[in-house]
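The values are calculated or read from the model by the stated rules, or taken from the named source; none is laboratory data. All figures in this text were calculated on a predicted structure; none of them were measured in a lab. Positions of Cβ are backbone-derived with ideal geometry, glycine not excepted, and every protein chain shown enters the neighbour counts. Ligands, DNA and RNA are stripped out before the accessible areas are found, and what is left, the full protein with its side chains, is counted by its heavy atoms. Shrake-Rupley method; radii C 1.70, N 1.55, O 1.52, S 1.80 Å.
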Amino acid sequence: MTDFSSKMIYKVDPNTGNSLQSVNSPGDACVGLTWDGEHLWTDDFETDKLYCLNPNNGEIIYEVNSPHTNPRDLAWDGDYLWVMASASNTIFQVDVGYNTSIVELGSSFGNVSSVSISPNPVFEHALISYSINQKAQIQIHMYNSDGILISTLLQKVHIQASHQLEIDASELNAGMYYIVIQSGQDRVVEKMIKIE
């Protein structure tokens, strides 16, 4: 539970109501709270941010912009975060499934391996090289440094082989981006730096 006045988040025994653990809230106006199976998520309606927290110490793992101002409630359905914007009485679905892997940069999982981006840093064009270990549907997404989806670069069935994808980065602002290659539940995240 969140305590707005003390700016703390408490883990509470549902049988007794006793506090088992507490961590500092990441903002001054955090009210929503949910659990994605690994991390805590909370919102801040003053900064319009959604925070992913380490449940052991409350450290911010990363933060994303809320899809609307005044986020007040959160729920996790196993794949997506749901956020209610109280100002508009609207509920938004937020894709953060890939973002939980951004903290594991460069790690490979199962069907996707040997991922590289060249050149990196990139000025105008970059070549993404990767291997697929068995035939599967492959998706390649690009996220900005806030974890917001910028574009889906590719979505098609690949055979078992090494593959390459050339991307045009000339219109991107300078900064850090994440390239996510997804095959079912297997995914690899690589960092890409854009320079001007």
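Okay, here's what the table says:
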| read-out | value |
| --- | --- |
| Of all residues making up segment 113-123, the number that are at pLDDT 85 or above and either closer than 13 Å to residue 161 by Cα or open to solvent by 60 Å² or more (accessible area, probe 1.4 Å) (or both) | 6 |
| Residue tally, condition part of a loop (DSSP other than H, G, I, E, B) and within 14 Å of the chain's Cα centre (by Cα), over segment 55-67 | 2 |
| Which numbered condition residue 143 fails, given (1) of a type in the set (Ser, Thr, Tyr); (2) within 25 Å of residue 93 (Cβ to Cβ); (3) without any contact (Cβ under 8 Å) to a residue 24 or more places away in the chain | (3) |
| Tally, over segment 160-174, of residues that are hydroxyl-bearing (Ser, Thr, Tyr) and assigned to a loop (DSSP other than H, G, I, E, B) | 1 |
| Set 83, 23: member being closer than 27 Å to residue 178 by Cα, in a strand (DSSP E or B) and of a type in the set (A, V, I, L, M) | 83 |
| Qualifying residues in segment 26-39 (those that are in contact with a Leu (Cβ under 9 Å, 6 or more places away or on another chain) and surrounded by 20 or more Cβ atoms within 10 Å (Cβ to Cβ)) - the one modelled with the lowest pLDDT | 26 |
| Residue under evaluation residue 63, criteria (1) at pLDDT 70 or above; (2) farther than 30 Å from residue 120 by Cβ; (3) acidic (Asp, Glu); (4) open to solvent by 40 Å² or more (accessible area, probe 1.4 Å), criterion not met | (2) |
| Scan of segment 142-160 for residues that are open to solvent by 70 Å² or more (accessible area, probe 1.4 Å) and of a type in the set (D, E, K, R), ordered by number | 156 |
| Residue match in segment 168-176 (condition: hydrophobic (A, V, I, L, M, F, W, C) and within 18 Å of residue 131 (Cβ to Cβ)) | no |
| Among (1) under 14 Å from the mean Cα position of the chain (by Cα); (2) assigned to a strand (DSSP E or B), the one test that residue 75 misses | (1) |
| Exclusive hit being modelled with pLDDT of 80 or more, open to solvent by 30 Å² or more (accessible area, probe 1.4 Å) and either of a type outside the set (Phe, Trp, Tyr) or in a loop (DSSP other than H, G, I, E, B) (or both), set 42, 16 | 16 |
